[in-house]
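A.B. asks: Attaching a single structure in structure tokens format; questions to follow.
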Amino acid sequence: MTPAIRAVVGSARFSQALTEAIVGFALITGAVRAIMGWPGALGLLAGLVVLAAASLWAQPERIEWRGVLPISVMALFGLLTVSVIWSQYTWVTVGGIAYALGFGVLGLYIALVRDLIQLVRAVGNALRVILTASFVLEILSGLLIDTPLTFLGISGSLAEGGPIEGLAGTRNAFAFLGALAILSFWIEVRTRSVSRAVSVYSLALAAATIIFARSPVSLLVLAAVLAAGLALVLVRRQRTVARRATQSVLLVSLAVFGVLAWLFRTALVDAVDAATDVEVRTSVWARVTGFIDQYPVQGWGWAGKWPNEVFPFAVVADSTGRQPPSALNAYMDIWLQLGLAGLLVLIVALALAFVRAWLVASERRSTVYVWPALTLVLLATTSMTESYLLYEGGLLLFVTSAFAAARNRSWRGRLD
């Protein structure tokens with residue numbers, strides 16, 4: 001690499017542009033795949049990994065590794081890698097490992113070269129482009145030509161008030177992007193990272209996404225994120241001694257709320273008009289449970305996003321007879337693929353990342369430190385009805401949030 005190329009690849013502007021490209025690609029990988037096919041999507045992923053590696057190599061003096069790599073997250077990637085030994089579909093597992101590692105490496109790159117406010121700005125910029133393009137396509141499909149864009153998963157239902165799918169491909173995935181957008185745009189407003197006009201446009205765009213997606217589960221997810229956000233506001237305004245007592249009360253309240261939510265789950269489902277959606281998911285979970293019972297400890301082997309032509313994924317169907325793209329629950333999905341060991345490692349990795357992020361958000365003054373904690377809440381709650389956490393954009397957000405939390409609060413950071 002010549003000095004001139006190294007200066008460009010190692011510059012802050014290149015890192016910023018590459019980070020926004022990575023985030024944008026990860027959040028709409030499905031749309032990229034629909035347009036370019038698997039070869040094109042894999043080529044883009046490989047190209048981004050190569051550019052990220054070159055960028056890291058060009059700026060070694062800016063990289064601080066110590067305490068940034070959470071052992072729990074590394075253990076999760078290690079387990080999915082060694083699952084090739086007992087996998088029931090070896091070559092699918094090899095491909096799934098490479099695919100997951102690609103997004104893991106990109107998440108690591110972002111955590112190493114970007115600070116938290118730069119990360120939030122990158123996510124915000126990517127989401128503004130994605131959501132704007134999504135509504136342009138929805139207007140084209142639903143109002144101008146009145147024809148579904150089936151290759152993108154757009155049904156053209158905007159004129160009827162939704163549900164719409166945008167570039168996410170499904171209404172639930174589109175609502176997830178809307179929830180992430182609300183969180184990211186709110187952080188931008190609080191940190192005065194963008195102009196007032198851009199803030200107003202961004203928040204209106206995110207709100208329209210939630211409204212027109214009409215996702216039954218998004219209301220519950222948003223309620224969980226809002227509750228966590230309000231709790232953080234309360235904690236952040238207290239002194240250290242009072243904060244510890246409040247943390248304990250919040251922990252007990254969370255346990256009580258979890259029990260009540262489970263006891264009154266039927267009423268909650270009815271309240272958000274999600275009975276049909278839940279019926280579809282429970283039918284999938286029932287089929288998946290039967291396959292989990294066959295290999296409960298080690299699982300069938302890592303696959304990531306379901307290859308619908310491979311057993312047992314090929315024989316799983318929902319109550320409508322359609323093949324789902326996943327187990328529609330990240331926790332059941334990883335239990336199926338990596339067994340009880342994978343489920344425990346995922347829960348530990350999520351819990352440790354959340355605790356670190358929560359403590360950092362409680363102690364640091366800047367509002368930007370709230371973003372990793374609330375993003376992890378968004379991922380954890382969404383994972384009860386979708387498997388986004390295990391692949392592509394969800395996996396990238398998980399890795400980046402976990403690494404950002406570890407950078408600010410890791411026991412290894414105290415070692416010489």
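The values are calculated or read from the model by the stated rules, or taken from the named source; none is laboratory data. Bear in mind that the values here come from a model prediction, so they are computed numbers and not experimental data. With ideal geometry, Cβ positions are generated from the backbone for all residues, glycine too; neighbour counts draw on all protein chains shown.
A.B. asks: Only residues that are within 17 Å of T19 (Cβ to Cβ) and in contact (Cβ under 8 Å) with a residue 24 or more places away in the chain: list them for the range 38-52, please.
C.D. replies: Filtering the range 38-52 for residues within 17 Å of T19 (Cβ to Cβ) gives 44-45, 47-52.
Of everything in the range 38-52, those that are within 17 Å of T19 (Cβ to Cβ) and in contact (Cβ under 8 Å) with a residue 24 or more places away in the chain turn out to be L45, L48, V49, L51, A52.
A.B. asks: Can you tell me which residue in the range 102-130 is surrounded by the most Cβ atoms within 10 Å (Cβ to Cβ), limited to those that are small (G, A, S) and more than 22 Å from R190 (Cβ to Cβ)? Spell out the reasoning first.
C.D. replies: At the first step, the residues of the range 102-130 found to be small (G, A, S) are 102, 104, 107, 111, 122, 124, 126.
Imposing the further condition that a residue be more than 22 Å from R190 (Cβ to Cβ) reduces the set to 102, 104, 107.
Details: G102: 20, G104: 22, G107: 25.
In this case the residue turns out to be G107.
A.B. asks: Right, here's the next one. Pick from the range 338-353 the residues that are buried (at least 21 other Cβ atoms within 10 Å of the Cβ) and free of Cβ contacts under 8 Å to residues at least 60 places away in the same chain: which of them is farthest from the chain's Cα centre (by Cα)?
C.D. replies: Per the criteria, the residue is G339.
A.B. asks: If you don't mind, there's one more thing I want to ask. If the Cβ limit is 6 Å and pairs must be 6+ apart or interchain, which residue in the range 224-246 that is closer than 22 Å to T381 by Cβ and surrounded by 16 or more Cβ atoms within 10 Å (Cβ to Cβ) pairs with which residue that is among the hydrophobic types (A, V, I, L, M, F, W, C) and at pLDDT below 80?
C.D. replies: A231/L250
Conditions (1) touching a His at 6+ places or on another chain (Cβ under 9 Å); (2) part of a helix (DSSP H, G or I); (3) more than 24 Å from L230 (Cα to Cα), marked per residue:
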{"site": "A133", "(1), (2), (3)": "no, yes, yes"}
{"site": "E138", "(1), (2), (3)": "no, yes, yes"}
{"site": "T147", "(1), (2), (3)": "no, no, yes"}
{"site": "A159", "(1), (2), (3)": "no, yes, yes"}
{"site": "A175", "(1), (2), (3)": "no, yes, no"}
{"site": "S184", "(1), (2), (3)": "no, yes, no"}
{"site": "V189", "(1), (2), (3)": "no, yes, no"}
{"site": "A197", "(1), (2), (3)": "no, yes, yes"}
{"site": "V200", "(1), (2), (3)": "no, yes, no"}
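A.B. asks: Filter the range 80-101 down to the residues that are crowded, with 19+ Cβ neighbours inside 10 Å, within 21 Å of the chain's Cα centre (by Cα) and either over 18 Å from L340 (Cα atoms) or basic (K, R) (or both) and list them by number.
C.D. replies: G96, I97, Y99, A100
A.B. asks: Within the range 37-79, how many residues turn out to be surrounded by 12 or more Cβ atoms within 10 Å (Cβ to Cβ) and either part of a helix (DSSP H, G or I) or modelled with pLDDT of 85 or more (or both)? Walk me through it before giving the result.
C.D. replies: Here is the first cut: in the range 37-79, the residues surrounded by 12 or more Cβ atoms within 10 Å (Cβ to Cβ) are 40-49, 51-59, 62-63, 66-79.
Retained after the next criterion (residues that are either part of a helix (DSSP H, G or I) or modelled with pLDDT of 85 or more (or both)): 40-49, 51-58, 62, 71-79.
Residues that pass the stated criteria total 28.
A.B. asks: Identify the residue in the range 172-198 that is within 12 Å of A213 (Cβ to Cβ) and aromatic (F, W, Y) and, among all such residues, is surrounded by the most Cβ atoms within 10 Å (Cβ to Cβ).
C.D. replies: Here the residue is F174.
Residue-wise test of (1) under 28 Å from E61 (Cα atoms); (2) without any contact (Cβ under 8 Å) to a residue 12 or more places away in the chain; (3) of a type in the set (D, E, K, R).
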position: Y109; (1), (2), (3): yes, no, no
position: V113; (1), (2), (3): yes, no, no
position: Q118; (1), (2), (3): yes, no, no
position: G124; (1), (2), (3): yes, no, no
position: I130; (1), (2), (3): no, no, no
position: F135; (1), (2), (3): no, no, no
position: L140; (1), (2), (3): no, yes, no
position: L149; (1), (2), (3): no, no, no
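A.B. asks: So, one more: Filter the range 131-140 down to the residues that are of a type in the set (S, T, N, Q) and buried (at least 21 other Cβ atoms within 10 Å of the Cβ) and list them by number.
C.D. replies: Residues of the range 131-140 of a type in the set (S, T, N, Q): 132, 134.
Matches in the range 131-140: S134 only.
A.B. asks: Being of a type in the set (D, E, K, R), at negative phi and touching a residue at least 40 places away in the same chain (Cβ under 8 Å) is the requirement here; does R33 meet it? Explain how you work it out, then say what you get.
C.D. replies: Numbers: of a type in the set (D, E, K, R): yes; at negative phi: yes; touching a residue at least 40 places away in the same chain (Cβ under 8 Å): no.
So R33 does not fit the description; no.
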